[in-house]
Amino acid sequence: MKRSIRLLLAGLFPLLILAGCGNFSFPVLNPSPTPTETATVTPSPFPTATPDLGKVVLVAPPEVLPERVMQVVEAIRPTVTEAGYIVETIGQIPTGSLGPNRIAAIFLSIPGNLVEIIAANPQTQMVVVSNVDLQTGPTLTVLREYPEYQAFIAGYAAVLASPGWRAAGLIPDDGGEVNVLANAFMSGGRYFCGRCGTSTPPFAPYPLTETAPRGATSVEWQAAVTNILPAGLETVYFSKEAQSNELLQNMLSQNLRLLGTTYPGDAFKDRWVATVSMNVDGSLVGILPDILKGQGGRVIPVGVQVTDINEAYLSAGKQRLIDEINKELMAGQLNPFTVTLY
C-alpha cells in the first residue's frame with residue numbers, strides 16, 4: 001500500500017512543478033475546416049442602350065443625281081461628325097415631321113411645301129438652296145444662288161480662253177421678254193473686250209449666245225449649236241441645261257474649246273477649258289457650324305467657283321483676273337447687266 005502511494009506521488013510531482021511555472025499552458029488544437037466549393041455567379045447581361053444621336057437630314061429627291069448627293073454628304077460629314085451628329089439622307093420631300101432629334105435639314109432645291117415643313121418641325125434648322133429670293137425666319141437659312149453671276153463669269157472666261165474672242169454660250173430660254181442669263185453671259189465677255197471685234201471674217205458681235213427651252217433634248221441643243229458654228233467659234237460654254245456627254249462628244253470633232261458647269265471626265269481633258277459652277281458645298285460647309293448651334297435665319301450668297309482649269313487656255317494671269325471679277329460680283333461692286341447689248 002505504501003509502495004502504491006509512493007508511485008502516485010512520484011507521478012504527480014513533475015506535474016506540480018510544471019504547474020508552478022508561470023505562463024504555461026497546454027496547446028489547444030483546432031481542427032482545420034473542410035473547404036467547400038463556392039459557386040461562381042455570372043451577372044445576367046443587360047442590353048446596352050444605343051444613344052440617339054442627333055441627325056442632319058439631307059433631302060435628296062430622285063431628280064438629284066446620286067453622285068451629287070455623295071458630293072454633298074462628303075462635304076458636310078466632317079463638320080457634322082465633329083459636332084457629334086450623323087448625316088441621314090432621305091429620298092423624298094417630307095410631308096410632316098422629320099422625327100425626333102433632327103438637328104437640321106438641308107434641301108438642295110426649294111420644296112413646294114416648305115412652309116408646311118417648317119411648321120411641322122419647329123425645333124429643326126432648315127437650309128434651302130434657292131435661285132430666287134425667299135423670306136427667312138428663325139429656323140430658315142437660304143443659300144442664295146445667283147445664276148446671272150455664273151453666266152457672267154462663264155462669258156468672261158470664255159472670251160479669255162479665245163485667242164480671237166470668238167466665244168459663244170448655250171443658254172436656256174426662260175420665255176421672258178429678256179433672257180437675263182444670255183444678257184449676263186454676253187456682258188461678262190464684253191466686260192473684258194468691249195465690242196470684241198475681230199480683224200478677219202466672219203464678223204459678229206462676240207460673244208454670241210444661242211438658246212433652247214428648258215427641258216430641251218440633246219438633239220435640240222445640237223441644233224442650237226449648229227446655228228452658231230458658222231461664226232468661226234473658238235470656245236463654247238455649255239450651261240447646265242445644255243451640257244451632255246453626247247453633245248460634248250460631237251463638239252470634239254469641231255476642234256472647239258469647251259466650258260461647262262460639271263467636269264465631263266478625262267476623255268475631254270485636252271479640250272476642256274474650265275468648270276464654272278456655283279460653290280454650294282463651300283457655302284454650306286461655311287454656315288453649318290452656326291446651323292448646328294441653332295443659329296439660323298440668314299441669307300448667304302453662294303459664290304461662283306472656277307475649277308478643273310486647263311492652264312493652256314487660262315494662264316495664271318487670266319485666272320487672277322477671273323478671281324478679281326468674281327470678288328467684285330460677290331461684293332456687289334459689279335452689276336452683271338450693266339453692259340449695253342447691241
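When the solvent-accessible area of the stretch 222-335 is split by element, carbon and sulfur atoms take up 45 percent of it, the probe being 1.4 Å. Remark: relative contact order (the stretch 79-194) = 18 percent; criterion is Cα-Cα distance under 8 angstrom and separation of 6 or more residues. All C-alpha to C-alpha distances of the stretch 148-261, sorted into 10 Å bins beginning at zero, yield P(r) values of 16, 52, 30, 3 percent in whole numbers. Shown for the stretch 74-118: the carbon plus sulfur share of the solvent-accessible area, taken with all protein chains present and a 1.4 angstrom probe, equals 53%. Counting only lysines at least 8 places from residue 293 when in the same chain, those with an alpha carbon closer than 24 Å to its own are 55. Heavy-atom accessible surface of the stretch 192-342, averaged per residue, reaches 50 Å², computed with a 1.4 Å probe.
For the charge dipole of the stretch 100-205, defined by +1 on Lys and Arg C-beta atoms and -1 on Asp and Glu C-beta atoms about the Cα centroid, which residue among 135, 100, 171 has the Cα displaced farthest towards the positive pole? Going by the charge dipole, the pick is 171. Average accessible surface for the stretch 59-102: 60 Å² per residue, computed with a 1.4 Å probe over protein heavy atoms with every protein chain in place. For the stretch 225-296, the relative contact order comes to 25 percent (Cα pairs under 8 Å, sequence separation of at least 6). Proximity of backbone amide H atoms, modeled 1.01 Å from N, is registered between residue 140 and 126, 297 at under 5 Å, excluding neighbours fewer than 5 places apart on the same chain.
Our summary gives the stretch 275-320 a relative contact order of 55 percent, counting only alpha carbon pairs under 8 angstrom and 6 or more residues apart. Ranking 263, 321, 337 by how far each Cα lies toward the positive end of the dipole of the stretch 263-342 (charges on Cβ) leaves 337 at the top. Taking Rh as the Kirkwood radius computed over C-alpha pairs, what is the Stokes-Einstein D of the stretch 215-274 at 4 °C in a medium of viscosity 1.567 mPa s, expressed in µm² per second? Stokes-Einstein gives a translational diffusion coefficient of 112 µm²/s. To the nearest µm²/s, what D does Stokes-Einstein give for the stretch 109-166 at 25 °C and 0.890 mPa s, using the Kirkwood radius over alpha carbon pairs as Rh? The diffusion coefficient I find is 177 µm²/s.
The values are calculated or read from the model by the stated rules, or taken from the named source; none is laboratory data. All values reported here derive from a predicted model rather than from experimental measurement. Using ideal geometry, Cβ is built from the backbone for each residue, glycine included, and neighbour counts are taken over all protein chains shown. These accessible areas exclude ligands, DNA and RNA; they are computed on the full protein's heavy atoms, side chains included. Shrake-Rupley method; radii C 1.70, N 1.55, O 1.52, S 1.80 Å.
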